[in-house]
Amino acid sequence: SGPTRSMRGQQFVARGLSAMESCRRQGRDLRDWMEQALRAWLGSGPVPSLLPSG
């Protein structure tokens with residue numbers, strides 16, 4: 001049901017869960033990462049990485 005009725009919806013959910021888990025494992029705030037990603041998409045900031053630092 002919901003967004004998972006289509007392949008595009010399934011990919012959206014999978015990517016969101018992946019970003020959530022990456023942030024959780026790194027002790028990062030998901031909302032901060034999402035805000036940075038949105039700003040980058042709008043063209044007013046750098047693209048944030050989900051790769052672990054260090």
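The values are calculated or read from the model by the stated rules, or taken from the named source; none is laboratory data. Please read these numbers as outputs of a predicted model, since none were measured by experiment. Cβ sites come from the backbone with ideal geometry, for glycine too, and all protein chains shown count toward neighbours. In case anyone asks, the SASA skips ligands and DNA or RNA and just uses the protein heavy atoms, side chains included. Shrake-Rupley method; radii C 1.70, N 1.55, O 1.52, S 1.80 Å.
Taking the range 1-31 as the range and being within 16 Å of P52 (Cβ to Cβ) and either over 9 Å from the mean Cα position of the chain (by Cα) or of a type in the set (V, I, T) (or both) as the test, the residues that pass are E21, R24, R25, Q26, G27, R28, D29.
Among residues belonging to the range 6-22 that are within 18 Å of A37 (Cβ to Cβ) and hydroxyl-bearing (S, T, Y), point out the one that is most open to solvent (accessible area, probe 1.4 Å). If we take residues in the range 6-22 being within 18 Å of A37 (Cβ to Cβ) and hydroxyl-bearing (S, T, Y), then S18 is most open to solvent (accessible area, probe 1.4 Å). Of all residues in the range 39-54, those that are under 18 Å from L17 (Cβ atoms) and among the aliphatic types (A, V, I, L, M) total 2.
Every residue, every condition in (1) assigned to a helix (DSSP H, G or I); (2) touching a His at 6+ places or on another chain (Cβ under 6 Å); (3) at pLDDT below 95, yes or no:
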residue	(1), (2), (3)
P3	yes, no, yes
R8	yes, no, yes
V13	yes, no, yes
G16	yes, no, yes
R24	yes, no, no
R31	yes, no, no
A37	yes, no, yes
S49	no, no, yes
G54	no, no, yes
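Cβ-Cβ distances below 9 Å connect the following pairs, each with a first residue in the range 32-54 that is surrounded by fewer than 13 Cβ atoms within 10 Å (Cβ to Cβ), a second residue that is assigned to a loop (DSSP other than H, G, I, E, B) and not basic (K, R), and a separation of six or more residues or different chains: D32/P48; L38/G45; W41/V47.
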